[in-house]
Structure formats: structure tokens, C-alpha cells
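In what follows, a single structure is set out as C-alpha cells and then discussed.
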Amino acid sequence: MISFSGASGNGTAKERVVQNRRAALEMIEKAALDKPDIVCLPETFPALGLEFKDWFESAETVPGPTTDAVGEIANRNNMYVVCPIVEREEGRTYNSAVLIDRAGKAVGSYHKIHPTISELEVGITPGTDPVVLQTDFGPVGFAICFDLNFRYVGEGLKAMGAKLVFFPSMYEGGLQLSVWALDLSFYMASAFTGNGSAIVDPLGRVLVKSSHYMPIISKVINPYFEVMHCDYNNKKWEAIKRKYGQGVEIDIAEPEDAFAIYTNREDLTVDDIIMEFELERRDEYYNRATAFSQKALQRN
């Protein structure tokens with residue numbers, strides 16, 4: 001994840017976009033030193049520092065100058081990049097997050113569902129649906145800035161199977177990132193325009209956060225997991241560890257009474273473990289508890 005506030009300097013709006021793009025490309029090259037599978041830039045990074053009118057006018061098509069330049073680096077470094085831009089598509093203008101694959105090709109865009117009032121006033125068109133795109137390490141979803149205030153966006157991403165959600169933004173998000181991660185069972189990875197980009201695990205814990213000294217943050221994560229409630233499942237933990245040892249990781253969040261189970265083996269999926277040991281998924285447990293409550297009401 002990259003914290004990036006735009007290039008310094010004056011000039012025309014077009015010159016500022018070129019400066020921002022150049023500065024961001026330099027940051028991506030630095031991020032590539034960690035050999036990441038995926039990199040994310042902040043919201044509409046080519047237009048940072050522009051007035052809203054000029055910001056709107058900076059819209060690009062896909063493919064276009066920014067996605068082409070970012071795609072070249074992605075291809076050369078064999079990595080994905082989440083490339084947030086103001087996108088022009090079929091006569092409409094969106095605040096978008098474009099996913100660029102390891103070959104440098106744009107494979108899909110997410111259009112911000114909840115642009116701010118200021119964005120809407122200058123002509124930004126809202127997106128209509130959550131978007132989850134496939135990568136070779138699993139499904140990834142997107143939410144942009146103001147979207148974080150609308151829970152149903154995250155719920156849609158969960159329903160579509162996202163295990164990692166990218167959050168390019170103009171504000172940090174703070175505790176909201178942890179709430180989404182814990183409640184909706186996915187990693188959150190933010191790219192903020194100032195210090196404070198963060199990677200949050202699916203138990204809601206901040207793993208790393210950017211600072212003035214470290215504007216680029218990186219973390220190895222395991223996308224092969226499931227979050228479950230401890231009740232009843234905890235009786236199976238010892239048997240799982242006896243059979244699989246380090247091949248299966250059980251990470252417990254005790255105050256929240258939840259745990260994440262990860263597989264570290266290529267020949268073993270989390271679904272395999274759940275079936276073998278008859279574990280109960282968190283939503284299944286909550287549904288069962290609700291059914292018991294309803295029966296108790298009928299009995300009384």
C-alpha cells in the first residue's frame with residue numbers, strides 16, 4: 001500500500017496530472033522492491049491537488065495514459081496494481097479503481113458507489129454494484145473513501161467471496177477498517193493520501209500502518225482462511241493441530257470470541273478442514289442461535 005499526497009509544484013492542471021503520475025510511478029517502482037503480488041495507490045492519485053472542476057476534467061479512458069504507464073511497471077515486475085483514477089466510460093465519468101494484472105492489462109473497474117456530494121455536483125456518476133475480481137491468489141474487492149460509511153457495500157463484497165478488500169481513500173478510515181474486517185471476515189488494505197495507510201487482518205487487528213518515515217507499507221498475508229466463532233468449534237482445535245501441526249494455523253481473538261483458521265498447505269483447503277472436523281461457520285452458528293431463540297419464543 002502506498003501513501004501518496006501528489007507531486008509538489010505548480011503549473012497547469014494537465015502539467016499537475018503528469019507530475020502526479022510521474023511521482024506515483026516512482027513510488028510503485030519502490031514498492032516493487034518487496035516483490036509484492038499486488039500494490040494499491042490512493043484514490044484518484046493523478047488528479048491530487050486539483051480543484052474539483054479540473055479534477056473532473058482530468059478523467060481518462062481505460063486503457064489510457066495512466067493505466068498504460070502503470071501496466072508497464074506491473075508487467076515488468078509480475079504484479080497486480082490497483083490503479084484509482086477518474087475514469088471516462090461511454091460518456092459518463094466515474095471515480096474508479098482499475099485492477100491491472102501481472103501482464104499489465106486492465107481486467108476490470110470498480111466505480112465508487114457513494115461519491116461525495118461535491119463529486120456528484122461536478123458530474124461524477126455513482127457506481128451501482130459492489131465488484132469482486134479474481135486474481136491468481138483469490139478474489140479481491142474494492143471500496144473507495146466515502147463508501148466505507150455504507151455497510152451494505154461491504155456486505156455485498158462478503159457475499160461475493162472477497163477475502164481481501166482494497167480501500168483507496170482521501171481519509172484514513174480508522175476504526176471503520178477494523179469493524180469491516182472483523183464483522184465481514186476479510187482483510188482490509190487502505191491506500192491513503194497522507195500518513196496512515198493500513199493493512200488490517202480479518203480479526204480487525206492493524207498489522208502495519210504507514211508513516212512519514214514509511215510511506216510504502218508491505219505485509220505478507222495468507223488469503224486462505226475462514227473466520228469462525230469459538231463456541232463449539234474450540235473443542236476441535238486440539239484434534240486439528242494433532243493431525244496437521246504447522247500446516248494449519250488457528251489465530252484466536254479472545255475478547256471477540258472469534259478465531260481465524262488458515263491453511264499453510266497447498267494440498268489442503270480450509271473447506272477440507274471444515275468438512276473433516278465438522279466445524280461450524282460463523283454465519284451458520286448465528287443462524288442456528290437465531291433458530292433456537294425463535295423456538296424458545298414459540299415454546300413460551
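Tabulated data
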item: Unmet requirement for M188, which otherwise passes all of (1) over 18 Å from D283 (Cα atoms); (2) in contact (Cβ under 8 Å) with a residue 12 or more places away in the chain; (3) out of contact with any strand residue (DSSP E or B) (no Cβ under 9 Å at 6 or more places or on another chain); result: (3)
item: Verdict on I240 being among the aliphatic types (A, V, I, L, M), within 30 Å of Y80 (Cβ to Cβ) and either touching a residue at least 12 places away in the same chain (Cβ under 8 Å) or surrounded by 13 or more Cβ atoms within 10 Å (Cβ to Cβ) (or both); result: no
item: Number of positions in the range 244-284 that are hydroxyl-bearing (S, T, Y), within 26 Å of the chain's Cα centre (by Cα) and outside any loop (DSSP other than H, G, I, E, B); result: 2
item: Residues that are surrounded by 15 or more Cβ atoms within 10 Å (Cβ to Cβ), free of Cβ contacts under 8 Å to residues at least 60 places away in the same chain and farther than 15 Å from G138 by Cβ, drawn from the range 254-264; result: F259, I261
item: Tabulated pairs, the range 101-122, first touching a residue at least 12 places away in the same chain (Cβ under 8 Å), second surrounded by fewer than 18 Cβ atoms within 10 Å (Cβ to Cβ) and of a type in the set (A, V, I, L, M), C-beta under 6 angstrom, 6+ apart or interchain; result: D101/V107
item: Cβ-Cβ under 7 Å pairs, at least 6 apart or on other chains, the range 277-290 side in the same structural domain as Y244 (by TED's automatic domain parsing), far side part of a helix (DSSP H, G or I) and among the small types (G, A, S); result: F277/A239
item: Selected residue (only one of E51, E57, E119, E90 is surrounded by fewer than 20 Cβ atoms within 10 Å (Cβ to Cβ), charged (D, E, K, R) and closer than 22 Å to G194 by Cα); result: E51
item: Odd one out for A69, checked against (1) over 25 Å from T93 (Cα atoms); (2) modelled with pLDDT of 95 or more; (3) surrounded by fewer than 19 Cβ atoms within 10 Å (Cβ to Cβ); (4) not acidic (D, E); result: (1)
item: Restricting the range 227-243 to residues that are assigned to a strand (DSSP E or B) and either among the aliphatic types (A, V, I, L, M) or in the same structural domain as P139 (by TED's automatic domain parsing) (or both), the residue that is farthest from C40 (Cα to Cα); result: M228
item: Test: residue in the range 232-245 that is at pLDDT 95 or above, within 15 Å of I273 (Cα to Cα) and touching a helix residue (DSSP H, G or I) at 6+ places or on another chain (Cβ under 6 Å); result: no
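The values are calculated or read from the model by the stated rules, or taken from the named source; none is laboratory data. Remember, predicted model here, so these are calculated numbers, not experimental data. We place every Cβ from the backbone using ideal geometry, glycine too, and count neighbours over all the protein chains shown.
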